[in-house]
1. Quick check on segment 86-95: of everything there that is outside any helix (DSSP H, G or I) and farther than 18 Å from residue 125 by Cα, which residue is farthest from the ligand (Cβ to nearest atom)?
2. So which residues in segment 96-120 are in a loop (DSSP other than H, G, I, E, B), within 16 Å of the ligand (Cβ to nearest atom) and surrounded by fewer than 20 Cβ atoms within 10 Å (Cβ to Cβ), if there are any at all?
3. Among the numbered criteria (1) part of a strand (DSSP E or B); (2) open to solvent by 40 Å² or more (accessible area, probe 1.4 Å), which single criterion is violated by residue 183?
4. Return yes when residue 227 is free of Cβ contacts under 8 Å to residues at least 40 places away in the same chain and aromatic (Phe, Trp, Tyr) and no when it is not.
5. Which of the numbered conditions does residue 3 fail, given that it passes all the others? Conditions: (1) modelled with pLDDT of 70 or more; (2) open to solvent by 50 Å² or more (accessible area, probe 1.4 Å); (3) not charged (D, E, K, R).
6. Is it true that some residue in segment 245-264 is closer than 29 Å to residue 320 by Cβ and in contact with an Asp or Glu (Cβ under 6 Å, 6 or more places away or on another chain)?
7. Contact list please: Cβ distance under 8 Å, first residue in segment 270-289 and more than 10 Å from the ligand (Cβ to nearest atom) and hydrophobic (A, V, I, L, M, F, W, C), second residue at pLDDT below 95 and in a loop (DSSP other than H, G, I, E, B), pairs at least six apart or on different chains.
8. Can you tell me which residue within segment 256-269, out of those that are more than 12 Å from the ligand (Cβ to nearest atom) and open to solvent by 70 Å² or more (accessible area, probe 1.4 Å), is nearest to residue 96 (Cα to Cα)?
Amino acid sequence: MALTGVQHANEEENLTFNLHRERGLSYSYLYLFQEFWCPGAAIQGLINFQKHFQAKDSDVIVASFPKTGTTWLIALSFAIVNRQHFSIENHPLLTSNPHKLVRSLEFKIFCDDVHDPILHLSKMTEPRHFSTHTPLTSLPMSIIESSCRIIYICRNPFDTFVSAWTYFNKIRPRFLALEEAFEMYCNGISSFGPWWSHMLGYWKESIARPNKVLFLKYEDLKEDVNFHVKSIAEFLGCPFTKEEESDGMIESIMKLCSFEKMKALEVNMYEKLDTVIDNKFFFRKAEIGDWVNYFSPSMIQKLSKIIEEKLSGSGLSFKMHS
Ligand code: PAP
């Protein structure tokens, strides 16, 4: 049976008793767990995920730091992988939020969603498709050791911050001022942060194992969706045939998953993912460079310096404007 709110709170209290906690850029306390800042609501799910998840070679895992394009990538990869099963006119993405079709491993599958996660997982049709915000170093070993594939998305840290700040303020009980949130973000104290170690972990793995991790940037995806839809399909071992290409399949998937289309769907305007999250919270502006409307010159200087310090020498860089 799913846990009640009170049982959840008790479990969280027991699990987090010895962990250092901070108020961070999130909706509740963040706990320092395995060297990252884990939201309290995800700890039990994460432990279960680490203990019980057995990856299959055919699994597809969409990994991301929060607010970097997860919803979009889930929708695109779901549409790509399942293109033989659903027609575009009658597609599940027209009536379900992408997070309902591709479930979060730590927040949903191994947390409050499923009565018996192991049984549920064994019954899923292959290829199974999941999402996670867990840093690479905390993923279960079977994900690392199996041939399952990970698609990772990240985004320039300026826009990621603004997207996170506006999002968490919609679901937090107490409003977080921009300056306070920015300090937390610069100190790495945000959900699944620090953001630099999260992206560097997957970045390095994608270089060491390019067949295992496909590393994408939100800005690149926006610049050329067509190219990336093709490369995601190739990476997942289901490339588009010449016939599919000439029939306009790639364009249809791009349109189905576009921000404008998804944001305007009834399901995404009026329904909820759970008790606190409205589907519409996942769709705000979807712009590159919206941060200019929020950042002061000193904030620009501070975050640029952190990016320089943390990412220098890694080869990882971002486009800040469209
Ligand atoms: P999550 O981590 O909570 O799942 P995530 O989907 O990663 O959130 O990020 C949300 C951002 O992606 C929002 O950016 P914004 O705040 O700057 O507007 C959201 O608008 C954007 N987004 C959602 N769906 C799409 C889409 N289909 N195409 C492009 N961007 C999208």
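1. 87
2. Residues satisfying the conditions are 96, 113.
3. The number of the failed condition is (1).
4. Yes: the conditions hold for residue 227.
5. Just one mismatch for residue 3, condition (1).
6. No, every residue in segment 245-264 fails to be closer than 29 Å to residue 320 by Cβ and in contact with an Asp or Glu (Cβ under 6 Å, 6 or more places away or on another chain).
7. Every condition considered, the pairs that remain are 276/27.
8. Among residues in segment 256-269 that are more than 12 Å from the ligand (Cβ to nearest atom) and open to solvent by 70 Å² or more (accessible area, probe 1.4 Å), the one nearest to residue 96 (Cα to Cα) is 266.
The values are calculated or read from the model by the stated rules, or taken from the named source; none is laboratory data. In this text, all values refer to a predicted model and were calculated from it rather than measured experimentally. Backbone-built Cβ (ideal geometry, glycine too); neighbour counts: all protein chains shown. Each accessible area value is taken on the protein alone, full model and side chains, heavy atoms only, with ligands, DNA and RNA left out. Shrake-Rupley method; radii C 1.70, N 1.55, O 1.52, S 1.80 Å.
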